[in-house]
Amino acid sequence: MKKNIAAAVAAVAAIAAMMAAGSVAAQTVDSGVYIGLEGGVATISSIATPTNGVKTSETNETGALRALVGYQINKNFAIELGYFATDDFKQDGTNRTGTVRYNVKADVKGADLSVIYKFTEFVPGLYLKAGATRSKVSLELSQPSGTSSFSQTGTGYLYGLGYEFAVAKNVGINVGYTRFEKLGGESDNKMNLYSAGVKYKF
């Protein structure tokens, strides 16, 4: 999946660059349906260490993708529905005596519904977003005695900001930051998403 995410992010960047070269002063469509794709890097503070485990290494950042469809109500407001998925966060470790090694993999998948406010004065293109999420956090623990898995699903919320730039009447590119809280419905599960994307308005 890492290769797929890297390829998707590269494709988004390439498309954005070509569009930017083609038109710099394009006007956006004020209202209507739009679709988009975002790719970037997701980070977490840490993965919970298994009982009696001692962490030796951890990868707390990984690739992420988000597909979206939305409705632009007017120049300022939009409603957006998205589906996001991350690659694996990883942790390696041993038991307390150092005789048994383990490996943990964790990933997040879910949907979000957000309200977006875009500024048209002062800093045109800057936007703020906030919304609710429904997500699933999955973990897999591997050790010599076998492999076990666990998942937790629940509701949470998000907030963020970003900047969108129109490169054609119907096309925009954006960079953004989104903070996810209560992933899987658990208050300790938080994630940052740094992303870049492309959007097409019908």
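The values are calculated or read from the model by the stated rules, or taken from the named source; none is laboratory data. Remember, predicted model here, so these are calculated numbers, not experimental data. Because the Cβ atoms are built from the backbone with ideal geometry, glycine has one as well, and the counts that use them run over all protein chains shown. Keep in mind that these areas ignore ligands, DNA and RNA; they rest on the heavy atoms of the full protein, side chains included. Shrake-Rupley method; radii C 1.70, N 1.55, O 1.52, S 1.80 Å.
Quick one: length gained pulling GLU58 to SER45 fully straight, 0.36 nm per residue minus the C-alpha distance? Don't jump to the answer; show the numbers that get you there.
Details: separation 13, 0.36 × 13 = 4.68 nm, distance 1.02 nm.
Length gained, GLU58 through SER45: 3.7 nm.
Mind scanning LYS169/LYS190; LYS75/LYS109; LYS75/LYS129; LYS55/LYS190; LYS90/LYS190 and naming the pairs with a C-alpha gap bigger than 26 Å?
Working: LYS169/LYS190 36 Å; LYS75/LYS109 31 Å; LYS75/LYS129 15 Å; LYS55/LYS190 20 Å; LYS90/LYS190 16 Å.
LYS169/LYS190; LYS75/LYS109, as the Cα separations exceed 26 Å there.
Show me 55-61, 147-153, 39-45 ranked by packing, highest mean number of other Cβ atoms within 10 Å first.
Order by mean packing, descending: 39-45, 55-61, 147-153.
How many nm separate the modelled label positions at ILE79 and ALA168, each set 7 Å beyond the Cα in the direction of the Cβ?
Those two pseudo-labels are separated by 2.8 nm.
By average Cβ neighbour count within 10 Å, what is the ranking of 81-91, 114-124 from highest down? Kindly include the intermediate steps, with their values, before the conclusion.
Values: 81-91: 19.5, 114-124: 13.7.
For the peptides 81-91, 114-124, the packing ranking is 81-91, 114-124.
Going through the cross-link list LYS105/LYS136; LYS118/LYS182; LYS118/LYS201; LYS136/LYS201, which pairs have a Cα-Cα distance over 23 Å in this structure?
Values: LYS105/LYS136 14 Å; LYS118/LYS182 25 Å; LYS118/LYS201 15 Å; LYS136/LYS201 30 Å.
With Cα atoms farther than 23 Å apart: LYS118/LYS182; LYS136/LYS201.
State in Å² the accessible area per residue of the chain; use a 1.4 Å probe, count heavy atoms of protein chains only, and round to the nearest integer.
52
Helix-only mean residue ellipticity at 222 nm, the chain, DSSP H runs n ≥ 4 weighted -39,500 (n - 2.57), per residue, nearest 500. What is it?
Numbers: 1 runs with 21 residues, N = 202.
Helix contribution divided over all residues of the chain: -3500 deg cm²/dmol.
Treat each spin label as a single point 7 Å out from the Cα along the C-beta direction, and report the PHE150 to ASN103 distance in nm.
Going from the PHE150 label point to the ASN103 one covers 2.0 nm.
Carbon and sulfur together cover what percent of the accessible area of segment 56-146 at a 1.4 Å probe radius?
Details: 2800 of 4660 Å².
Ligands and nucleic acids excluded, carbon and sulfur give 60 percent.
Pull out the extension gain between ARG179 and LEU113, defined as 0.36 nm times the separation in residues minus the alpha carbon to alpha carbon distance; nm, one decimal. Intermediate results must be reported in sequence, preceding the final value.
Numbers: separation 66, 0.36 × 66 = 23.76 nm, distance 1.37 nm.
Length gained, ARG179 through LEU113: 22.4 nm.
How far is helix 2-22 tilted off the main Cα axis of the chain, in degrees rounded to 10, range 0 to 90?
In the chain, helix 2-22 runs at an angle near 20 degrees to the longest axis.
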